[in-house]
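Here's the structure we're looking at; comments come further down.
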Amino acid sequence: MLFSQRVFCGQITPDDVGRKVLLGGWVDAFRDHGGLLFIHLRDRSGIMQIVFSPEVASADLCQRAASLHAEYCIAVTGEVKKRLAGTENPNIETGNIELMATELTVLSESDTLPFTVSEKAMVPATVDRSADKVAEDLRLQYRYLDIRRPSMRDNLMARHRIFQCVREFLDSKGFLEIETPVLTSSTPEGARDYLVPSRLHPHNFYALPQSPQLFKQLLMIGGMERYFQIARCFRDEDLRPNRQPEFTQLDIEASFIDEEFIYELVEELTVKMFAVVGIKLSRPFARITYADAMDTTGSDRPDLRFGLRFVDVTDVFYQTNYSIFRQILQRGGYIKGINIKGQSEMLSKNVLQNEYAKEIAPSFGAKGMTWMRSEGGKLESNIVQFFSNQELEALRKKFDVADGDVLIMIADPSYAIVTSALGQLRLHLANRLSLIPANSFFPVWITEFPLFEATDEGAVTSSHHPFTAPDRIDFDPKNIEELLMLRSRAYDLVMNGEELGGGSIRINDRNLQRKIFAALGLTEEETREKFGFFLRAFDFGAPPHGGLALGMDRTVSMILQTPSIREVIAFPKNRSAACPLTGAPSAVKREQLAELRLLNLGAQDLLLGTAQKGNRIDHLSWVSRIGISAKERPVMEQILTQAEELVLLATQKAGKEEPIRNVAPVTNHTRPGTEEKRSALSQTGQLLKSAPAVKGNYYKVASILE
Ligand code: ASP
């Protein structure tokens, strides 16, 4: 039989009983029943049981079948049979049928495996997922085996279907899929760039895109109106468990739109993506301002699947005698708390005092934690005696206390410490008390972010990126206090405590964009240098526009509920941003660095970029009075770079001493006898009239570089 006749294991149904078919795949498992040999053959679509029976197969065939091992790649021909009653396997889709083999070809043998690939045991109702317990680096080192595992295969197939759904949906809404460069210059998303050295332009670098932000805005200025791209982005950030140095974004931008367009579009899209695996999300998604999110959950990516919202009780204690609270409030502080309803049985005094107040809350940055439990209509704790009845009554009201409730409170002069510590306690308690409902999804838009954040140096930096539109434009770019009050037209889509994506309505007015750069402390020159090409585009009728990007690895991982995003990426980097399969990142040979002119750069602070180099060659051409054509420029550039490297080497070798630049003493030479025949014009100055520089009676030229 020919491969063209091959069918997939998973396609065979009881209707095929009696049919002769050719299957191809890998030996998933086998079992020898004294003469009768059973094999599970696995391909991408599923598993089929193959039977080698001496009644049907030749002795030679049975013998060859007996020498098969796990993960041999084979082709088998045989007839589809119904399984005998009682021998069905409910674990596999084809559990009611099997193939009586009549031919077998071993296409390729397999070494002993580093871990088990099979996830389906031969015995009905047992599913072996032992590879889940294998060290992740080993799985990544043999990723091609790991993705043979049905669970990984399913993840990649689901990812594909989700991506297809995205493409179809956005196409139906008039969006065009357009690619933007990967070798580009820096895009400001707040991370470090991955740089790629250019061989053709020595000492110049491309940056890999942190996002296609600038290009997608240029596409809007280019009149494309609606764009999307499933784009690879690169950010050189510190390691975090669920972060990859390269990741996939669904990048979207549209013109003549506002926030509502984005909410509508992205909600519809998200509902569709989750529906790919049968999860129903209801719309409209919730919306909460950044300030409210911080006030009630201590996070700008709140997990709203459970309650435990913060209650502000600062005003209860304005007149308090409890000295710790009084001192904090005198310093302009805050007191916030959570009512953990009906959990006093789970949170004993000992747990609250010795675990939470002494250990856990301080580990989240709080100096202490106050707790109370409501029993017999009274609030109890180790410090209630310090509070007045009025205060205790006010607490009961504010927290809506009933018996069995537990209150925790954090007080601190810093709003950031109160919200951050209480926010972490909120999550800790929700996990400990199993308050997070399984299989639930709570999407929420976070809106009205601050436009700027304060830096340690007393300046501001963009919370999102500098192209985000502010909520008003009449601000003074030098007034830091005012800048920090500005809100942006940015939005984040958050689900279950994770940020799935974010975006904003952009600035489309060139003057406003310049004002934002000024607020960020960039001089006109720095702005021109960094974003000149981008700002120039705003001089030619930029339409109003906005967009967003969704982190697709995260989104797919959320949809499939995998323990990490690496489970939905075919070839991810490990937790230390390395690839155990290819060994990347790896050392390179000196010759490669030399070819890229990256050797001996140690002592230079700043390497000359193309523009400066251009100037350098123009300058050289001028001082040496030698015209340099466009063709000669790269050659001259190389010569200069080599010279530079030599100088550098010499400088390094010379240490503190002035390096020797000339091996022979330098003197001026004139042809003997020429002095006497000086032109009369030289006396009047006429002769040297057009000389760029003159010394005595001589025309001054630059020293010649040989
Ligand atoms: N470029 C932004 C990001 O990567 C998303 C956007 O503003 O559209 O976060």
Can you tell me which residues in segment 576-598 are modelled with pLDDT under 95 and polar (S, T, N, Q)? Ser576, Ser586, Gln592
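For segment 244-265, does any single residue satisfy the condition of being in a helix (DSSP H, G or I), away from the ligand (no atom under 16 Å from the Cβ), at pLDDT 95 or above and farther than 30 Å from Phe310 by Cβ?
Taking segment 244-265 and keeping what is in a helix (DSSP H, G or I), we get 259-265.
If we keep only those that are away from the ligand (no atom under 16 Å from the Cβ) as well, we get 260, 264.
So of that shortlist, the ones also at pLDDT 95 or above come out as 260, 264.
Then drop every residue that is not farther than 30 Å from Phe310 by Cβ, which leaves 264.
Yes; the residues of segment 244-265 include at least one that is in a helix (DSSP H, G or I), away from the ligand (no atom under 16 Å from the Cβ), at pLDDT 95 or above and farther than 30 Å from Phe310 by Cβ.
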Of all residues making up segment 233-243, the number that are at pLDDT below 90 and more than 19 Å from Leu550 (Cβ to Cβ): 3
What is the one condition in (1) farther than 24 Å from Asn496 by Cβ; (2) surrounded by 15 or more Cβ atoms within 10 Å (Cβ to Cβ) that Gln327 does not satisfy? (2)
Search result, residues across segment 305-349 that are of a type in the set (Asp, Glu), within 19 Å of Ser388 (Cα to Cα) and assigned to a loop (DSSP other than H, G, I, E, B): none
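Suppose we filter segment 491-513 for residues that are aliphatic (A, V, I, L, M) and within 10 Å of the ligand (Cβ to nearest atom); how many remain? Step through it out loud before you land on a result.
In the first step, residues of segment 491-513 are kept if they are aliphatic (A, V, I, L, M); the result is 493-495, 500, 505, 507, 512.
Within this subset, residues satisfying the condition of being within 10 Å of the ligand (Cβ to nearest atom) are 505.
Qualifying residue count, segment 491-513: 1.
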Segment 255-274, residues that are over 24 Å from the mean Cα position of the chain (by Cα) and either small (Gly, Ala, Ser) or closer than 15 Å to Asn496 by Cβ (or both): Ser255
Residue pairs qualifying under the 7 Å Cβ cut-off, at least six apart or on distinct chains, with the first in segment 210-224 being closer than 26 Å to Tyr194 by Cβ and the second being more than 13 Å from the ligand (Cβ to nearest atom) and hydrophobic (A, V, I, L, M, F, W, C), are Leu214/Phe534; Leu218/Ala537; Leu219/Ile178
Go through segment 501-530 and count every residue that is over 19 Å from Leu483 (Cα atoms) and in contact (Cβ under 8 Å) with a residue 60 or more places away in the chain. 3
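To keep it simple, each residue is scored yes or no on (1) among the aliphatic types (A, V, I, L, M); (2) within 48 Å of the chain's Cα centre (by Cα); (3) modelled with pLDDT under 95.
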position: Ala57; (1), (2), (3): yes, no, yes
position: Tyr72; (1), (2), (3): no, yes, no
position: Ala75; (1), (2), (3): yes, yes, no
position: Lys81; (1), (2), (3): no, no, no
position: Glu88; (1), (2), (3): no, yes, yes
position: Glu93; (1), (2), (3): no, yes, yes
position: Thr102; (1), (2), (3): no, no, no
position: Val106; (1), (2), (3): yes, yes, no
If we ask which residues in segment 361-402 are free of Cβ contacts under 8 Å to residues at least 40 places away in the same chain and under 19 Å from Gly307 (Cβ atoms), their number turns out to be 6
With respect to Arg396, determine if the residue is farther than 22 Å from Gln424 by Cα, of a type in the set (Lys, Arg) and crowded, with 16+ Cβ neighbours inside 10 Å. yes
Could you tell me which of the residues Arg305, Arg301, Arg287, Arg309 is within 16 Å of the ligand (Cβ to nearest atom) and of a type in the set (Lys, Arg)? Arg301
Among helices (runs of 4 or more DSSP H) completely within segment 119-238, the ones holding 2 or more residues that are on the phi < 0 side of the Ramachandran plot, within 22 Å of the chain's Cα centre (by Cα) and surrounded by 18 or more Cβ atoms within 10 Å (Cβ to Cβ) are 136-141, 150-172, 213-221
Which pairs have Cβ atoms under 6 Å, sit 6 or more apart or on different chains, and link a residue in segment 168-182 that is under 11 Å from Leu269 (Cα atoms) to one that is among the charged types (D, E, K, R)? Phe169/Lys272
Single match in Tyr334, Tyr318, Tyr322, Tyr290 (criterion: among the aromatic types (Phe, Trp, Tyr), free of Cβ contacts under 8 Å to residues at least 40 places away in the same chain and farther than 22 Å from Leu433 by Cβ): Tyr318
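Looking only at residues that are of a type in the set (Asp, Glu) and within 27 Å of Tyr699 (Cβ to Cβ) in segment 611-637, which one is modelled with the lowest pLDDT?
Initial filter on segment 611-637 (of a type in the set (Asp, Glu)): 618, 632, 637.
From what's left, within 27 Å of Tyr699 (Cβ to Cβ): 618, 632.
Numbers: Asp618: 76, Glu632: 82.
The qualifying residue modelled with the lowest pLDDT is Asp618.
Any idea which residue in segment 514-546 is nearest to the chain's Cα centre (by Cα), counting only those that are of a type in the set (Val, Ile, Thr) and either surrounded by fewer than 15 Cβ atoms within 10 Å (Cβ to Cβ) or within 16 Å of the ligand (Cβ to nearest atom) (or both)?
Going through segment 514-546, the residues of a type in the set (Val, Ile, Thr) turn out to be 516, 523, 527.
If we keep only those that are either surrounded by fewer than 15 Cβ atoms within 10 Å (Cβ to Cβ) or within 16 Å of the ligand (Cβ to nearest atom) (or both) too, we end up with 516, 523.
Values: Ile516: 26, Thr523: 30 Å.
Taking the candidates together, the pick is Ile516.
Select from segment 615-630 the residues that are part of a loop (DSSP other than H, G, I, E, B), surrounded by 13 or more Cβ atoms within 10 Å (Cβ to Cβ) and of a type in the set (A, V, I, L, M, F, W, C) and list them in ascending order. Please lay out each step first, then the result.
From segment 615-630, those part of a loop (DSSP other than H, G, I, E, B) are 624-630; that's our starting set.
If we keep only those that are surrounded by 13 or more Cβ atoms within 10 Å (Cβ to Cβ) as well, we get 624, 626, 628.
Residues satisfying the conditions are Ile626, Ile628.
Per-residue answers, yes or no, for (1) touching a Phe, Trp or Tyr at 6+ places or on another chain (Cβ under 9 Å); (2) loosely packed, with under 14 Cβ neighbours inside 10 Å; (3) acidic (Asp, Glu):
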| site | (1), (2), (3) |
| --- | --- |
| Val351 | no, no, no |
| Asn354 | no, yes, no |
| Glu359 | no, yes, yes |
| Pro362 | no, no, no |
| Lys367 | no, no, no |
| Trp371 | yes, no, no |
| Gln385 | no, yes, no |
| Leu407 | yes, no, no |
| Ile410 | yes, no, no |
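For segment 429-453, which positions are part of a strand (DSSP E or B) and under 23 Å from Gln213 (Cβ atoms)? Walk me through how you get there before you give the answer.
Of all residues in segment 429-453, those part of a strand (DSSP E or B) come to 443-447, 450, 452-453.
Once the filter is applied, which keeps residues that are part of a strand (DSSP E or B) and under 23 Å from Gln213 (Cβ atoms), segment 429-453 yields Trp445, Ile446, Thr447, Pro450, Phe452, Glu453.
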Kindly establish whether Arg426 is out of contact with any helix residue (DSSP H, G or I) (no Cβ under 6 Å at 6 or more places or on another chain), within 16 Å of Asp315 (Cβ to Cβ), assigned to a helix (DSSP H, G or I) and modelled with pLDDT of 95 or more. no
So Asn496 ticks every box in (1) on the phi > 0 side of the Ramachandran plot; (2) in contact with a strand residue (DSSP E or B) (Cβ under 8 Å, 6 or more places away or on another chain) but one. Which box is left unticked? (2)
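Here are Asp476, Asp471: which of them is among the acidic types (Asp, Glu), more than 15 Å from the ligand (Cβ to nearest atom) and more than 12 Å from Ile516 (Cα to Cα)? Lay out the reasoning, then the answer.
Values: Asp476 fails: more than 12 Å from Ile516 (Cα to Cα).
Among Asp476, Asp471, only Asp471 is among the acidic types (Asp, Glu), more than 15 Å from the ligand (Cβ to nearest atom) and more than 12 Å from Ile516 (Cα to Cα).
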Tell me, please, whether a residue that is free of Cβ contacts under 8 Å to residues at least 12 places away in the same chain and more than 14 Å from the ligand (Cβ to nearest atom) can be found in segment 225-233. no
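Taking the options Ser420, Ser463, Ser440, name whichever one is within 16 Å of the ligand (Cβ to nearest atom) and in contact (Cβ under 8 Å) with a residue 12 or more places away in the chain.
On the way: Ser420 fails: within 16 Å of the ligand (Cβ to nearest atom); Ser440 fails: within 16 Å of the ligand (Cβ to nearest atom).
Ser463 is the lone residue from the list that is within 16 Å of the ligand (Cβ to nearest atom) and in contact (Cβ under 8 Å) with a residue 12 or more places away in the chain.
The values are calculated or read from the model by the stated rules, or taken from the named source; none is laboratory data. What you see is a predicted model; the values in this text were computed from it and never measured. Every residue, glycine as well, gets a Cβ built from its backbone with ideal geometry; the counts of neighbours run over all protein chains shown.
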